Amino acid sequence: MGSGRTQQAQTYNRPLVRRIVLIVTVASCLTPASSADGVTTSGGLADGGPTAAQNCRSRLSHRSEWPGWLRPRRATVLVDSVLLGGVRALRSRRRCWRVGIIGRPALMVGIADRELRQRGRPVARLVVVGLGYNSLWERGRRRYGLWARRFDSEARKLLGTLRALGARQVVWVTLREPTWRTVPPQARGELGQYSWYFPYVNERLRRLDRRRDDLVLANWARASARPGLTYDSIHLNTTGASLMARTIWGAVSRAARRQRSTG
């Protein structure tokens, strides 16, 4: 197993459950970023920059108009190995925000929910979820309904747990849908191992998004539909991490502007 690579997908050939795939991912170690985090300047929802530290004491203009989940400038981020690779870039774009990270490589939605409940500690009002790559499906949409119901149930439970722990706005990052054109040549062998079900997950997330007022999607599937963003099929290089951070914070900003009260 190579460091920083995705372990080869495991296929289970049992009478009841055939060709169900579970991905186990491995990520490299990351140096924790500064807890000074991101910036919202007095002009609105601006990105962090060279003078971000000077703006950390700034306040939102017309503060009372912005949704309550935005005002504390705090976020909790749930990660597996993909978004884990974007943590530094995510924090650097909002240097005055406090961005807490929960998760690890290979984290599944249901396990994240269970561990959050056991942990019992509050989360920020804004939560970014970067989970879904490590989930169970069968090829060719075999018994799709069964696995879709399982994913939907686990996702709803996770959102319920997050709300009980204090979340009021959730941004869920859709999965990359890699293709022969968008992955490095050395990673094209991975396309047949597990990327075939990433569209299934995105289907369920879009459905979930249509049914909830407290959820928006950060459309990484669309933003990442080009080469040069990953060192394998899904794990971010520096360029990819920067684009993912922009995609996530863009979704946050759009949600905040839509919810902004104009009196």
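Name the single residue, out of those in region 63-117 being small (Gly, Ala, Ser), part of a loop (DSSP other than H, G, I, E, B) and within 16 Å of the chain's Cα centre (by Cα), that is surrounded by the fewest Cβ atoms within 10 Å (Cβ to Cβ).
We begin by selecting, within region 63-117, every residue small (Gly, Ala, Ser); these are 64, 68, 75, 81, 85-86, 89, 92, 100, 103, 106, 110, 112.
When the remaining residues are screened for being part of a loop (DSSP other than H, G, I, E, B), the result is 68, 85-86, 106.
Filter again for within 16 Å of the chain's Cα centre (by Cα), leaving 85-86, 106.
Working: Gly85: 26, Gly86: 26, Ala106: 18.
Ranking the candidates gives Ala106 first.
Residues being over 28 Å from Gly192 (Cβ atoms) and either not in a helix (DSSP H, G or I) or not hydroxyl-bearing (Ser, Thr, Tyr) (or both): count how many of those fall in region 139-161.
Pass one, region 139-161, residues over 28 Å from Gly192 (Cβ atoms): 153, 156-161.
Filter again for either not in a helix (DSSP H, G or I) or not hydroxyl-bearing (Ser, Thr, Tyr) (or both), leaving 156-160.
Going through region 139-161 one residue at a time, the tally reaches 5.
Would you check if Leu208 is surrounded by fewer than 21 Cβ atoms within 10 Å (Cβ to Cβ), touching a Phe, Trp or Tyr at 6+ places or on another chain (Cβ under 8 Å) and modelled with pLDDT under 95? I'd like the intermediate steps shown before the answer.
Details: surrounded by fewer than 21 Cβ atoms within 10 Å (Cβ to Cβ): yes; touching a Phe, Trp or Tyr at 6+ places or on another chain (Cβ under 8 Å): yes; modelled with pLDDT under 95: no.
Here the answer is no, as Leu208 does not meet what is asked.
Does region 175-223 hold any residues that are of a type in the set (Val, Ile, Thr) and in a helix (DSSP H, G or I), and which are they? Working first, answer last.
Quick first cut of region 175-223, residues of a type in the set (Val, Ile, Thr) only: 179, 182-183, 201, 216.
Passing the criteria: only Val201.
What is the number of the single condition among (1) over 30 Å from Pro72 (Cβ atoms); (2) at pLDDT 95 or above that Arg156 does not meet?
Single failed check for Arg156: (1).
Can you spot a residue in region 139-149 that is crowded, with 16+ Cβ neighbours inside 10 Å, modelled with pLDDT of 95 or more, over 18 Å from the mean Cα position of the chain (by Cα) and not polar (S, T, N, Q)?
Kept after step one, since they are crowded, with 16+ Cβ neighbours inside 10 Å, are these residues of region 139-149: 147-148.
So of that shortlist, the ones also modelled with pLDDT of 95 or more come out as 147-148.
Right, trim to over 18 Å from the mean Cα position of the chain (by Cα) and you get 147-148.
Now restrict to residues that are not polar (S, T, N, Q): 147-148.
Yes: one or more hits.
Here's a check for you: in region 74-86, which residue that is β-branched (Val, Ile, Thr) and touching a residue at least 60 places away in the same chain (Cβ under 8 Å) is farthest from Glu115 (Cα to Cα)?
Our first condition is that a residue be β-branched (Val, Ile, Thr); within region 74-86, this holds for 76-77, 79, 82.
Cutting the leftovers down to touching a residue at least 60 places away in the same chain (Cβ under 8 Å) gives us 76, 82.
Numbers: Thr76: 15, Val82: 19 Å.
Out of the qualifying residues, it is Val82.
From Ile234, Ile248, which residue is surrounded by 21 or more Cβ atoms within 10 Å (Cβ to Cβ), assigned to a helix (DSSP H, G or I) and not small (Gly, Ala, Ser)?
Numbers: Ile234 fails: assigned to a helix (DSSP H, G or I).
The conditions single out Ile248.
The values are calculated or read from the model by the stated rules, or taken from the named source; none is laboratory data. The model shown is predicted, which means the values in this text are computed figures rather than measured ones. A quick note on method: Cβ atoms are made from the backbone with ideal geometry, for glycine too, and the neighbour counts reach across all protein chains shown.
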